[in-house]
Amino acid sequence: FRKSYSKVLRRIPETRLVVESVPSHFSQDAFNLYNDYHIKKHDKPIKSEYSYAEHAVNSPMSNQTVCGVQCGTYHQLYRLDGRLVAVAVIDIVPKGIVSLYMWYSLDKEVSKYSFGVYSALKEIEKVRELSKINPEMKYYYLQGWNDSNKKLAYKANYPPEEFYCACVTPEWLPSLEAVKEAKEKYLQDHTQDQNGHPSSSPIAVESTKDKKVSTDVPCSAFEK
């Protein structure tokens with residue numbers, strides 16, 4: 001457990017904080033916070049209620065009970081002194097929790113509490129609680145990974161983790177080094193002919209194209 005995570009937990013004024021998990025739905029407070037976050041952090045234009053709902057509310061998942069646990073898409077609402085300061089969107093699935101998206105207040109008195117890290121730690125805590133009800137619900141999925149995207153680098157900060165590169169191998173990989181090796185092997189195997197020579201075969205080129213292979217193969221990481 002990283003010392004920085006302990007600091008985040010100690011810094012959060014939990015006596016002033018209320019965390020509520022509710023089925024995904026539209027609320028004006030969450031919508032306003034969403035737009036404020038995207039305008040200030042990403043310099044994005046104001047989103048319509050429809051665009052917001054498509055991104056952060058609507059879900060293809062249907063709520064269902066699995067071994068005593070209600071699965072579905074949820075909003076984790078973080079209120080500090082009664083004010084909504086962060087919203088995290090998660091899926092509770094038969095294998096654990098999928099972290100989908102999060103937005104939060106960028107006000108200095110709020111951002112100093114590192115709600116991005118805090119929410120991940122709370123979701124991991126939730127996975128542990130779920131695994132006590134159903135041992136199969138033991139995974140925390142951090143979704144897409146791209147080693148050329150610095151904004152996603154934080155997803156490798158919750159060890160132990162494994163990575164999944166569907167375009168490269170059907171196996172889960174134990175480290176970023178293993179991901180790199182698997183990508184290099186895949187590209188090598190698909191740019192050589194049967195004798196190990198560079199291939200200019202249209203079939204080989206087409207095969208690689210169909211799989212959309214690049215040096216930035218997206219992967220997913222999860223906490224065990």
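Descriptive notes on the structure:
- Residue that is of a type outside the set (S, T, N, Q), open to solvent by less than 50 Å² (accessible area, probe 1.4 Å), at pLDDT below 50 and part of a loop (DSSP other than H, G, I, E, B), where the choices are 168, 213: 213
- Which numbered condition residue 158 misses (of (1) surrounded by fewer than 18 Cβ atoms within 10 Å (Cβ to Cβ); (2) assigned to a loop (DSSP other than H, G, I, E, B)): (1)
- Among the residues of the range 101-123, those identified as on the phi < 0 side of the Ramachandran plot and either assigned to a loop (DSSP other than H, G, I, E, B) or open to solvent by 70 Å² or more (accessible area, probe 1.4 Å) (or both) are 105, 106, 107, 108, 109, 112, 113.
- Residues that are of a type outside the set (Asp, Glu) and more than 18 Å from residue 99 (Cα to Cα) were ranked within the range 124-148; the one that is least open to solvent (accessible area, probe 1.4 Å) is 134.
- Qualifying positions in the range 15-45 - surrounded by 12 or more Cβ atoms within 10 Å (Cβ to Cβ) and of a type in the set (Lys, Arg): 40, 41
- Residue that is more than 24 Å from residue 151 (Cβ to Cβ), out of contact with any helix residue (DSSP H, G or I) (no Cβ under 9 Å at 6 or more places or on another chain) and of a type outside the set (Lys, Arg), where the choices are 98, 18, 69, 110: 18
- Residues of the range 40-64 that are farther than 14 Å from residue 87 by Cβ and among the hydrophobic types (A, V, I, L, M, F, W, C): 46, 61.
- The range 86-100: number of residues that are under 19 Å from residue 27 (Cα atoms) and surrounded by fewer than 20 Cβ atoms within 10 Å (Cβ to Cβ): 2
- Residues that are modelled with pLDDT under 95 and surrounded by 12 or more Cβ atoms within 10 Å (Cβ to Cβ), drawn from the range 48-69: 59, 61, 63, 66, 67, 69
- Entirely in the range 1-84, the strands (runs of 3 or more DSSP E) that have 2 or more residues that are among the hydroxyl-bearing types (Ser, Thr, Tyr) and either in contact with a strand residue (DSSP E or B) (Cβ under 8 Å, 6 or more places away or on another chain) or within 30 Å of residue 132 (Cβ to Cβ) (or both): 69-80
- Of all residues in the range 131-155 being among the hydrophobic types (A, V, I, L, M, F, W, C) and either at pLDDT 80 or above or in a strand (DSSP E or B) (or both), the one that is farthest from residue 89 (Cα to Cα): 133
The values are calculated or read from the model by the stated rules, or taken from the named source; none is laboratory data. Everything numeric here is computed off the predicted structure, so don't read it as measured data. A quick note on method: Cβ atoms are made from the backbone with ideal geometry, for glycine too, and the neighbour counts reach across all protein chains shown. Just so you know, the surface numbers come from the protein's heavy atoms only, side chains and all, with ligands and any DNA or RNA stripped out. Shrake-Rupley method; radii C 1.70, N 1.55, O 1.52, S 1.80 Å.
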